[in-house]
Every structure is written in structure tokens, then in C-alpha cells.
Amino acid sequence: MKEEVKDTLTVGEFAKKSGITMRTLRYYDKIGLLKPSSYNEAGYRLYTKEDFPKLQQILTLKFIGLSLDEIKDILKEDLNDNDFKRSLQIQKKIIKEKIDHEFNVIHAIDETLNMIEEDKNLNWNKFINIISLINKDNKWIEQYKNASNLKARINIHDKFSHNKKGWMEWFFEELPLDKPCKILELGCGDASLWEKNYDKIPDNWEIYLTDFSEGMILDAQLNLDEKVKRFKFKNMNAEDISFNDETFDIVIANHMLYHVKDIEKALLEIKRVLKKDGYMYASTVGKKHMMEMREFLREIDKSILEAESFNLTDKFRLENGFEILSKFFREVESKRYIDNLKITEEKALIDYIVSMEIDIVKKLNDTKLETLKKILKEEKEHNKYIYISKDTGYFRGKK
């Protein structure tokens, strides 16, 4: 009979159960990577069952190849991830891909050894392939960060939106559901558009999901789960779309064009792969989107608003989108999604802000964070909620 894990464990007991040294645990505590849950009256470290998943995540990230500093940065942004199953699924998929990658490296080395042993002329292309295969290992760091969707998991929109038809459902219903289509989505992210509307997808649609980030492709596949076979996936840059001319009836860029370095180049590519009379749908936000949140932050430190996350959408907004798209498409029209947030839990808004960008986390020291909490608490007590404007919509253009 296995011994039951106690509610609290000393550092020695925790180290023995987890199979790592007390020295390692003390070091993780010292650098702020894994702090004990509490201390007893004598000042000794105490751990709980909840600390095992944290340690497992740290050790898995080390196995994938991240440094302790990189892991520490991830965990700062990962404070609110309570989806333990999803975290394990992401880790499992990446580790399996890493194992496959290592087998490919071994195979390439074996081929080179066989050529040397048999006195054959060395195939330098195959030998150079070893270098490129090994170098690919550097991508696991970025893949984990993106696959976890660390910067966008606090979905206050679902919980506090006034419009009970969520953005993804509303936007999906704006697509031409009554005719067969071959569809390309650029920057699919975690595929929420398709996961949330899966039962409404017409049988005669052929759907390709792409993203610049390999991690986001992984996240999309995990999010779709058993529905994944319905879609085709490709890791791809919107500025260099790897499909033939006039392939698609519809191209979707859902809140992603402002991420592209060269929007005009991306729009030329979108136009190229669209069939004659095909449509492109590009959604974005307006200048006043979540403006109250910015004002709260301005009160405590206006330099926080210099973070890239707060200025990223300037390149393609509801205010300038028509002018940009009209250079490439006919019959450009727009439609706004009417909504706002009435947040009754100030912590939800703080979590959202913290999840946006690591630079924001660095600027929000303990003093500023406490000030922000006080401001939001007073706002909620005065109005019974924290009101946040939303300004979102899409453009549709015809080739």
C-alpha cells in the first residue's frame, strides 16, 4: 500500500518524494523559482501537494532546454494557469517532437559514419544537414512560450462581456455559411474561432490554419483536440504565403495584421492567393478599445503605456483600416461588434494586464501594483463594477 502524501512536507520530505536534492530546492527558493508554500514557527520551509506540479513544470522546461532564467520569466507570466491538464498536454507534445528530432539527428550522424567507414565520398549536403537539425533545437524555447499561450490566457471577455454572443461566435456568423469555400486563416493562434464554432462549420468547407509561430500551431492542435483532423495546418509567414495563386475563396486575418512587419506585402500575398471575387476578412480594434484600462495605468506610471502591447495596433486599426485595404481590394466595408466589459473582480483585470507583456510585469513593482489594486477597488465599490469600453470590428474586401 502506497503512503499517502501529507498536506504539508518539510524540505527533506519534499526532496525525498520528488527525487531531487535539498540543495536544489534551497537554490530554487533563493533565486525565486520555487518558493515554499509557508514556513513553520521555527522558520523551516514547508511545501504542499500544489508545489509538485510547479516543480514538475520547472524540471520539464529544463529538459526541453530552457535556462533557469528563461524558466523564471515564463513562470512570472504563468501565474494564473490553473489548467494542469492542458499544461501537461503541451509538455507531452513538445517532448515527443523533441524525441523525434533527436532520432533524426542520430540518423543523420549514422549516415555520415557509414559513408566514412565505407570510404565513400562524403556527401557534404547530408553532413551540413546535421548542423541545421541540431540548430533546430533552439526553437523549443520559443515553441513552449507560444504554445502555452502565456500572454493571452486570462479571458475576461468571456466572463464579463455585456454582449453574451462572444466575439468568435459573432465573427464566424459574418462569414458566408451558405456556400462551399476553401478557407485560409492567417495567424490562427489557438484556433478558438474554429473550436468555438465547430458544430456550425459547413461540411463543404476546406480549412487551412496557419501561423508564423510553430508554438501557436501546436496550441491550435491541442485546443481542437479530437476535432483536429478536420483541418490542415502549416507554419507560415503572412508576408510569404506558400500557396499557389487563386487558391482560396476566403482569407481570414483575425486580429493579426498589426503583428505583421510589412502589412502591404502581406496584403499583396493575400490578394494573390484569393480567387477572383474572393473575400478577405480582417478584424482589429479601434483607438478607444479598453481605454479605461490605460487610464488606470496612466495614474500610477504613464511609462507603462510605452510598452509594445499598448501601441501594436496603431499599424492597423478600425480608424485607418479602410484606407489601407482600399489600395488592394474592392468594395471594402466594415462592421463593428458592440460590447463592453463590466468587471466585478478587480483581480481579473490585474491578471489580464500582467499577462500582456513581460515589460509590463517589470514596471509594475509591488508598490505600483498595490496602488493599482486600490484604484480598481475604489472604482468597483463606487460603480459596483469596473467599466471597460470595447471597440472591435472587421473589414471585408473583395478581390
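The values are calculated or read from the model by the stated rules, or taken from the named source; none is laboratory data. All values reported here derive from a predicted model rather than from experimental measurement. Neighbour counts are summed over all protein chains in view; Cβ atoms, including those assigned to glycine, are modelled from backbone coordinates with ideal geometry. Note: accessible area is taken over every heavy atom of the protein model, side chains too, but ligands, DNA and RNA are not part of it. Shrake-Rupley method; radii C 1.70, N 1.55, O 1.52, S 1.80 Å.
Pairs meeting the criteria (first residue in the range 252-278 and under 15 Å from SER242 (Cα atoms), second residue assigned to a helix (DSSP H, G or I) and among the hydrophobic types (A, V, I, L, M, F, W, C), beta carbons under 9 Å, at least 6 apart or on different chains) are ALA266/LEU257; LEU267/LEU257; LEU267/ILE324; LEU267/LEU325. Could you list all residues from the range 156-186 that are buried (at least 21 other Cβ atoms within 10 Å of the Cβ) and at pLDDT below 95? The one that is buried (at least 21 other Cβ atoms within 10 Å of the Cβ) and at pLDDT below 95: TRP167. Scanning the range 36-66 for residues that are part of a loop (DSSP other than H, G, I, E, B) and either among the small types (Gly, Ala, Ser) or surrounded by 15 or more Cβ atoms within 10 Å (Cβ to Cβ) (or both), we see that the one that is modelled with the highest pLDDT is PRO36.
Here is a check on your reading of the model: is LEU33 touching a residue at least 40 places away in the same chain (Cβ under 8 Å) and either surrounded by 15 or more Cβ atoms within 10 Å (Cβ to Cβ) or in contact with a Ser or Thr (Cβ under 8 Å, 6 or more places away or on another chain) (or both)? Considered against the rule, which asks whether it is touching a residue at least 40 places away in the same chain (Cβ under 8 Å) and either surrounded by 15 or more Cβ atoms within 10 Å (Cβ to Cβ) or in contact with a Ser or Thr (Cβ under 8 Å, 6 or more places away or on another chain) (or both), LEU33 comes out as yes. Restricting ASP277, ASP245 to residues that are farther than 20 Å from LEU318 by Cα, surrounded by fewer than 19 Cβ atoms within 10 Å (Cβ to Cβ) and either in contact with a helix residue (DSSP H, G or I) (Cβ under 6 Å, 6 or more places away or on another chain) or of a type in the set (S, T, N, Q) (or both) narrows the list to ASP245. Of all residues in the range 189-207, those satisfying the criterion of being of a type outside the set (Asp, Glu) and open to solvent by 40 Å² or more (accessible area, probe 1.4 Å) are LYS196, TYR198, LYS200, ASN204.
Among the residues of the range 212-225, those that are open to solvent by less than 30 Å² (accessible area, probe 1.4 Å) and touching a strand residue (DSSP E or B) at 6+ places or on another chain (Cβ under 7 Å) comprise ILE217, ALA220. Count of the range 276-318 residues, restricted to those that are of a type outside the set (A, V, I, L, M, F, W, C) and in a helix (DSSP H, G or I), is 14. Any residue at all in the range 324-335 that is surrounded by 19 or more Cβ atoms within 10 Å (Cβ to Cβ), among the aromatic types (Phe, Trp, Tyr) and modelled with pLDDT of 95 or more? Within the range 324-335 (the criterion being surrounded by 19 or more Cβ atoms within 10 Å (Cβ to Cβ), among the aromatic types (Phe, Trp, Tyr) and modelled with pLDDT of 95 or more), the answer is yes, since at least one residue qualifies.
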